[in-house]
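See structure below.
The values are calculated or read from the model by the stated rules, or taken from the named source; none is laboratory data. These figures come from a predicted structure and were not determined experimentally. Here the Cβ is made from the backbone with ideal geometry for all residues, glycine too, and neighbour counts use every protein chain on show.
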């Protein structure tokens, strides 16, 4: 999967400027699944108004994310049943720079996303250190929770981030998603996941996609892929996405 040609011609934006323009740690997320051709058309349509994150002349970055849950998958089940106040715990490694962060991603009572990060060592990506455990428990208000969490899923993909300076919004573009659970089962997705991140108002990217018949879709890299690999889990929330976009998982021994 090659990088879209237009990516090289878009103006670049440095990480610190992107954060200043559109950090949006409290935001509304809308997700879409498109093919490569639609992605190319979208980038062309926004070329006069967006910039792309550029770090050391790189514009697409490899991510590795490890998700944590209880033995009973309580965090997954909270998401699957639409519990209003829920959260995810994950470590994320930015592969090119070998930098990592421990993140807690919370949904507030209004459905908005609040994300908090804690600098972390890549060597600890699959465990919660004492400091990491304290960070998680303080944010979610559940003493003792961290001791029950274990790594359940690893996702890998490539990400580009574009920023609309005028609208103060941004969008991530994820390609080449591969997910592996703790049993070694794997699912891969060939389509492109676009996630717009803005305040309550729709962004120009949202409106462009809506005009072409695309609507926000229910997908969680973590939860949807786990549902694909474990059909006995509750998954009605993602039924349409699973049917249309996720193939049957492959065993580690196949």
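Observations on the model:
- Per the listing 67, 76, 63, the residue uniquely at pLDDT 95 or above, on the phi < 0 side of the Ramachandran plot, part of a helix (DSSP H, G or I) and surrounded by 16 or more Cβ atoms within 10 Å (Cβ to Cβ) is 76.
- Matching residues in segment 168-187 - criterion: being in contact (Cβ under 8 Å) with a residue 40 or more places away in the chain, surrounded by fewer than 19 Cβ atoms within 10 Å (Cβ to Cβ) and under 28 Å from residue 57 (Cβ atoms): 168, 176
- Residues of segment 25-54 that are modelled with pLDDT under 75 and farther than 24 Å from residue 177 by Cα: 26 alone.
- So residue 201, is it in a helix (DSSP H, G or I) and either surrounded by fewer than 17 Cβ atoms within 10 Å (Cβ to Cβ) or touching a residue at least 60 places away in the same chain (Cβ under 8 Å) (or both): no
- Any hit, segment 93-114, residues being closer than 21 Å to residue 188 by Cα, in contact with a helix residue (DSSP H, G or I) (Cβ under 7 Å, 6 or more places away or on another chain) and at pLDDT 95 or above: yes
- Number of the condition not met by residue 48 [criteria: (1) assigned to a loop (DSSP other than H, G, I, E, B); (2) under 15 Å from the mean Cα position of the chain (by Cα)]: (2)
- Where a residue in segment 124-150 is in contact (Cβ under 8 Å) with a residue 60 or more places away in the chain and on the phi > 0 side of the Ramachandran plot and its partner, wherever it lies, is crowded, with 18+ Cβ neighbours inside 10 Å and part of a helix (DSSP H, G or I), with Cβ under 6 Å and at least six apart: none
Residue by residue, here is whether (1) in a strand (DSSP E or B); (2) free of Cβ contacts under 8 Å to residues at least 40 places away in the same chain; (3) surrounded by fewer than 20 Cβ atoms within 10 Å (Cβ to Cβ) holds:
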{"position": "197", "(1), (2), (3)": "yes, no, no"}
{"position": "210", "(1), (2), (3)": "no, yes, yes"}
{"position": "219", "(1), (2), (3)": "no, no, no"}
{"position": "223", "(1), (2), (3)": "no, no, no"}
